[in-house]
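Chemist: One structure, pasted below without further comment.
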Amino acid sequence: METSSKSKSPEEMNKEYFKSFVVTRGSISSLYISWAGLVITFLCLPITWNVAILGYGINPLQSKVNIFIVFIAIFMLLTFLTVRLSFTRKFLFRHQGFASIWLIFFSVLLTSVLMFMFYMITQWDKPNEIWYESEFSIIVLLLFGLTYLGSLFYNFYWLKKQLKIGFSEKRTTANYFARAKVYESKSLWIIFGFSMIGAFLTGNLARVFGLVFGMFLGAAFSRLTIELAYSAFLLNTDKEYWVNYIDEPEKPWKEVLKKRLKKTSTYVIMGVLLIVAMVEIEDRYKVPKGLQITFSYVLMAILLFFVVAFIMWIIKKVRDKRDTKQVHNRVNGMEKIISRDTEKETKKMNEKKVQRKWALVIAVLFTLGAINQLVKGMDLSESYGAGSLVSLIAFPAIFYYLAFKKKKEK
């Protein structure tokens, strides 16, 4: 007879949870994401660097903002080299207590640079205000800081409460589903790609976009930081939580390249670099009108890709949640007896899947067009303007409905 979670003590359930955590979301392998953080800092630095030179006429390294970003870039570079080089990686395997503390700093700095990226979006129309020289920039910084610190305190007390009652088997199983996300860092890159849409918004729309996403990231990443801190305490006090890592041999570069080309994150990076290149060309050279039109079409295609990738990421999240629940049911021996409630829930989940991908793509295109038109402004005083507003809402809604409408069973 299998032991249920109800018959286990909170200490046993907590031990199982954190043993799964240190081999999945809290593993040394998580440090591979550092190269994503490094790229983000390299994209933020040219902007703040130019603000120092052109906006203030000072040495960029006299700016606290630039020192902050350079520090994060150096930390991310050292982290990346540490996990990539064989002898330093072995050092981390042998000193897992030290590696766990390194992971805490990594989590905090990665969250900080992501929030700073969205802070820059809130100041997009007035880049000189990046250096907190306006009331609004000070308010944004305070909101970001209070959100992140408040979330850390909340999750600290949440963890204390959770340790008293014990982590459920469902949460323990969910750690293993999160393992693939740690290695591929797809979620992080899609967040970054989606932020590029905000970079092309203007006015209050850009400010709201950057503010909301920055606060959301601060709240979302804070729980991982708290869990990493507690796992660091366990790893430094009890070697029972240590992981027997196997240092796998390096794969041939052709195989690595082939695998990398299959990942969404690769094309997110390429899209961002292409956008940066087009902006630099338009700033430095006199671009013919035909090439400007070409740039605008390329830009729309890249933004469309970012939006579609983000939507597919959300769909994948829903599917993963469903798969986690199915595995949890199997662990408890419930795969043989499927209740009517479970059948209904599975049916509902299937109905939430995208039924027609072509309709979803068209809906996203209409949504982008609607956002672009709303940003430009509309004259609602005439019947034509009112009718256009209705069409901007109706057409995307129709195709979103078609995309998720359940197909008839044959």
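Chemist: HN-Hα J couplings of the stretch 37-45 from phi, Karplus 6.51/-1.76/1.60, θ = phi - 60°, integer Hz, Gly and Pro as x?
Modeler: Going residue by residue, I get x, 5, 5, 4, 5, 5, 7, 7, 4 Hz, with x marking Gly and Pro.
Chemist: Work out the FRET efficiency for residue 270 and residue 139 from their Cβ-Cβ distance, taking R0 = 45 Å, and round it to the nearest 0.05.
Modeler: Working: r = 35 Å, r/R0 = 0.79.
Approximately 0.80, to the nearest 0.05.
Chemist: Hey, another quick one. Considering only DSSP states other than H, G, I, E and B, which chymotrypsin sites (Phe, Trp or Tyr not before Pro) in the stretch 38-89 qualify as loop sites with at most 14 other Cβ atoms within 10 Å? Mind showing how you got there, number by number?
Modeler: Values: sites: 42, 49, 56, 68, 71, 75, 80, 87; in loops: 56.
Within the stretch 38-89, the qualifying chymotrypsin sites (Phe, Trp or Tyr not before Pro) (loop, at most 14 other Cβ atoms within 10 Å) are 56.
Chemist: Which loop GluC sites (Glu not before Pro) in the stretch 1-83, with loop taken from DSSP, have no more than 12 other Cβ atoms within 10 angstrom of their Cβ?
Modeler: Numbers: sites: 2, 11, 12, 16; in loops: 2.
Those that pass, being in a loop and sparsely packed, are 2.
Chemist: Another question, then. Using 0.36 nm per residue, how much length does the chain from residue 316 to residue 304 gain when fully extended, once their Cα-Cα distance is taken away?
Modeler: Details: separation 12, 0.36 × 12 = 4.32 nm, distance 1.82 nm.
Taking residue 316 through residue 304 to full extension adds about 2.5 nm, to one decimal.
Chemist: Once amide H atoms are built 1.01 Å from N in the peptide plane, which residues 5 or more positions from residue 166, or in another chain, come under 5 Å H to H?
Modeler: Those qualifying (amide H under 5 Å, at least 5 residues apart or on another chain) number zero.
Chemist: If each residue of separation counts as 0.36 nm, what is the full-extension length gain between residue 205 and residue 237 once their alpha-carbon separation is subtracted? Present the calculation step by step, with values, prior to reporting the outcome.
Modeler: Details: separation 32, 0.36 × 32 = 11.52 nm, distance 4.89 nm.
Going from the current span to full extension adds 6.6 nm.
Chemist: Using a 10 Å cut-off around each Cβ, can you sort 149, 114 from fewest to most neighbouring Cβ atoms?
Modeler: Listing 149, 114 from fewest to most nearby Cβ atoms yields 149, 114.
We did not get these values from a lab; they are worked out from the coordinates using the rules stated. Small disclaimer: the values here were computed from a predicted structure and weren't measured. Positions of Cβ are generated from backbone atoms using ideal geometry, with glycine treated the same way; all protein chains shown enter the neighbour counts.
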